[in-house]
Amino acid sequence: MTRNSAPEMMDAKRNFAIQLSATRRGARLARLLTERQLDDWGVPCRGAAQVVAELASNAVLHGRVRGRDFRLRLRLLADGTLRIEVTDARGDRIPRVPDAVAADTESGRGLRIVAAFAERWGVDEAPAHAKTVWAELAPGRKDA
């Protein structure tokens with residue numbers, strides 16, 4: 001064990017990661033696993049489950065590359081902030097909040113929902129031409 005890996009190992013109870021198929025079933029499973037993991041940690045999950053649902057759905061719809069999965073990671077930070085990360089294979093497709101959408105439009109609201117629940121969110125470059133979309137939810141929010 002290296003010195004750099006020790007903090008990650010000591011914090012293992014507050015760190016959850018899984019690779020899922022880039023399918024609608026995988027996106028649905030991401031939300032269910034988030035609910036279960038946060039319940040195990042004793043953390044309210046309503047807002048987090050919604051954020052994971054939106055980010056996983058985006059990974060499947062916009063970040064899918066045939067034969068490649070997406071990765072979900074949940075980290076509960078020392079101050080109680082929940083960091084959600086979804087990594088997909090399409091680093092060339094950077095998400096953005098679209099201009100206003102019509103009320104009867106079926107898509108285009110996902111990142112607005114993420115922004116509503118998260119204190120902050122963003123996109124980071126990931127290895128192998130991938131990207132990680134992340135969101136941080138503060139502890140104690142009434143809608144969390």
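Cβ neighbours within 10 Å, averaged per peptide: list 80-90, 50-60 in order, most packed at the top. Don't skip to the end; give the middle numbers.
On the way: 80-90: 20.9, 50-60: 24.5.
In descending order of packing, they fall as 50-60, 80-90.
Sum up the charges of everything whose Cβ sits under 9 Å from the Cβ of ARG71, counting Lys and Arg as +1 and Asp and Glu as -1, but leave ARG71 out.
Details: positive: ARG73; negative: ASP69, GLU85, ASP88.
Around ARG71, the surrounding residues sum to -2.
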query = Ranked highest first by the average count of other Cβ atoms within 10 Å around their residues, in what order do 26-35, 70-79 fall?
reply = 26-35, 70-79
task = Pick out, from TRP41, THR81, GLY63, the residue whose Cα sits farthest towards the positive end of the charge dipole of the range 9-91, with +1 on the Cβ of Lys and Arg and -1 on the Cβ of Asp and Glu.
result = GLY63
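Readers should treat all values here as calculations from the given coordinates under stated rules, not as data from a laboratory. These numbers come from a predicted model, not from an experiment. Here Cβ is always computed from backbone atoms with ideal geometry, including for glycine, and neighbour counts include all displayed protein chains.
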